[in-house]
Amino acid sequence: MTRSVLAMLDVRPAYTAMMAERYDLHRLDQVADKSAFFDEMGSKITAVVTSARFGLPAEVMDRLPNLEVITSFGVGYDLIDLDACQARGIRVSITPDVLTDDVADTAIMLMHATLRQLVHGDDWARSGKWAENGPMAMTRSVRGKKLGIVGLGRIGKEIALRAAPSGVEIGYFGRSRKAVDYAFFESLIELADWADILMLSCPGGDATKGIIDAQVLSALGSNGFLINVARGSVVDEPALIAALQRKVIAGAGLDVFYNEPKIDPAFAGLDNVILYPHAASGTVETRDAMGQLVVDNLNAWDDRGELITPIV
C-alpha cells in the first residue's frame, strides 16, 4: 500500500516531485479546508514532511493518530514537540551536516561585513556620497578581536576554524566543555564581558529562549558586536533593538529574527545592523542536499523502518 504523506510545504520542487511520485503526497499549504482534510485523511497520514520554520503544530499532530515519522528540512527542531513525539513513538529526522559549511561561511561573512560596514560602504560608493563627501568614516578591524562563540556544536566549531585565520582569539560557552584548545567560560555573562564579538550558533528552544538579554548585551559593551546565525528566539529582541539604538553595543549582524519573515520594523531604521533574511544555508547546492536528505530519510523509513539522521 502506498504511504500517505503530509507535506507542510514545498521543500524544493524537484524533491517534492520525487516524493509525489513514490507516495500519496498531500500539501497542507494548498489545502483550503484543513478541518475537512483532517476528517478525511488524518487517520491515513503516517509521515509528515516539514521544515525548521514550519515545525509541526500540536493541533496538527493531534489530528494524525497514526503518525510514525517526521522528516524535517533544516537543523532547527524547536517547533516540533520532541517530548510529545517520544511519548507517541514518533521518529524525527533533520538535515544536519549538509548545511554546516554554508552557515559557518555566512557567520564569517556577517562578522566581517558588520565590523567593516560593508553595506554602508556599498551605499557610500553607489550613491555618490564618496565623490561628494570624501572617504567614509573608518571601520573596525576583525584582527586582534576576541570572538566568543555561544554553542560550540557542529556549526560553532566550523565558525571557529574559519575565524582563526582572521587573527581572533576564540572562547566559547555551552552546555559542556569540548575537547578543543579554545577558552571555555562557565557563564554567558563572563563570555560576553570578555568578548569583542559575540557569535551565536546555539540551538533554539525553551532552554535558550531569550538568553541574550539586556544584561548580556551590557556586558558585551559599547565596542562589542553581536552576530546571530542561531535562532531569533535566542535573543531578547526588544533588548537588542534598544541596545543598538542607545549604542549599548556597537553593532550586529543578524541572519535570524524572532518573528520572521515579519521582522520588527525598528531594525530598518538602524544604521549599525546588517540584516540577512535567514538565508545562511540558502545556496542552491546546500538546499538541494537538504532536499535530498529529506527524501532519503523518508525513503529509508518506508523501506526498512530506519532514519539516516534521526534526533528522536
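The values are calculated or read from the model by the stated rules, or taken from the named source; none is laboratory data. Everything numeric in this text was worked out from a predicted model, so none of it was measured. Methodologically, a virtual Cβ is constructed for each residue, glycine included, from the backbone with ideal geometry; neighbour enumeration extends over all protein chains shown.
Does any residue of region 44-51 turn out to be of a type in the set (A, V, I, L, M, F, W, C) and within 22 Å of the chain's Cα centre (by Cα)? Before you say what the answer is, go through the steps one by one.
Start the filter on region 44-51 by keeping residues that are of a type in the set (A, V, I, L, M, F, W, C), which leaves 45, 47-49.
Next, from what is left, pick out any that are within 22 Å of the chain's Cα centre (by Cα): 48-49.
Yes: region 44-51 contains one or more residues that are of a type in the set (A, V, I, L, M, F, W, C) and within 22 Å of the chain's Cα centre (by Cα).
Given the criteria at pLDDT 95 or above and not in a helix (DSSP H, G or I), does ALA230 qualify? Walk me through how you get there before you give the answer.
Values: at pLDDT 95 or above: yes; not in a helix (DSSP H, G or I): yes.
Yes: the conditions hold for ALA230.
Could you please give the count of residues in region 279-294 that are aliphatic (A, V, I, L, M) and surrounded by 21 or more Cβ atoms within 10 Å (Cβ to Cβ)?
Just the residues of region 279-294 that are aliphatic (A, V, I, L, M), to begin with: 279-280, 284, 289-290, 293-294.
Then keep just the ones that are surrounded by 21 or more Cβ atoms within 10 Å (Cβ to Cβ); that gives 280, 290, 293-294.
Residues that pass the stated criteria total 4.
Of the conditions (1) in contact with a strand residue (DSSP E or B) (Cβ under 7 Å, 6 or more places away or on another chain); (2) assigned to a loop (DSSP other than H, G, I, E, B); (3) touching a residue at least 24 places away in the same chain (Cβ under 8 Å), VAL142 satisfies every one except a single condition; which number is it?
Only one criterion is unmet by VAL142, namely (1).
Only one residue in PHE257, PHE267 is surrounded by fewer than 20 Cβ atoms within 10 Å (Cβ to Cβ) and closer than 22 Å to MET109 by Cα. Which one?
Result of the check over PHE257, PHE267: PHE267.
Tell me whether region 214-228 contains one or more residues that are over 15 Å from ASN272 (Cβ atoms) and either touching a residue at least 40 places away in the same chain (Cβ under 8 Å) or not assigned by TED's automatic domain parsing to the domain that holds LEU188 (or both).
No, that holds for no residue.
Applying the selection to region 31-88, what residues are buried (at least 16 other Cβ atoms within 10 Å of the Cβ), in a loop (DSSP other than H, G, I, E, B) and among the hydroxyl-bearing types (Ser, Thr, Tyr)?
If the condition is that a residue be buried (at least 16 other Cβ atoms within 10 Å of the Cβ), in a loop (DSSP other than H, G, I, E, B) and among the hydroxyl-bearing types (Ser, Thr, Tyr), then TYR77 is the only one that fits.
Exactly one condition in (1) part of a loop (DSSP other than H, G, I, E, B); (2) without any contact (Cβ under 8 Å) to a residue 60 or more places away in the chain; (3) of a type outside the set (Phe, Trp, Tyr) is not met by ASP271; state its number.
Going through (1) part of a loop (DSSP other than H, G, I, E, B); (2) without any contact (Cβ under 8 Å) to a residue 60 or more places away in the chain; (3) of a type outside the set (Phe, Trp, Tyr) one by one, ASP271 breaks only (2).
With the structure loaded, tell me whether ARG162 is out of contact with any Phe, Trp or Tyr (no Cβ under 7 Å at 6 or more places or on another chain), closer than 27 Å to SER222 by Cα and either part of a loop (DSSP other than H, G, I, E, B) or not assigned by TED's automatic domain parsing to the domain that holds ALA268 (or both) or whether it fails that test.
Here the answer is no, as ARG162 does not meet what is asked.
Could you please tell me which pairs satisfy a Cβ distance under 7 Å, a separation of 6+ or placement on different chains, a first residue in region 104-116 that is within 11 Å of ARG143 (Cα to Cα), and a second residue that is surrounded by fewer than 19 Cβ atoms within 10 Å (Cβ to Cβ) and of a type in the set (Val, Ile, Thr)?
LEU115/THR139
Does GLY151 count as touching a Gly at 6+ places or on another chain (Cβ under 6 Å), small (Gly, Ala, Ser) and either closer than 20 Å to PRO203 by Cα or assigned by TED's automatic domain parsing to the domain that holds SER201 (or both)?
It is true that GLY151 is touching a Gly at 6+ places or on another chain (Cβ under 6 Å), small (Gly, Ala, Ser) and either closer than 20 Å to PRO203 by Cα or assigned by TED's automatic domain parsing to the domain that holds SER201 (or both).
Answer yes if at least one residue in region 9-23 is at pLDDT 95 or above, assigned to a loop (DSSP other than H, G, I, E, B) and over 24 Å from THR286 (Cβ atoms), and no otherwise.
Yes, region 9-23 contains a residue that is at pLDDT 95 or above, assigned to a loop (DSSP other than H, G, I, E, B) and over 24 Å from THR286 (Cβ atoms).
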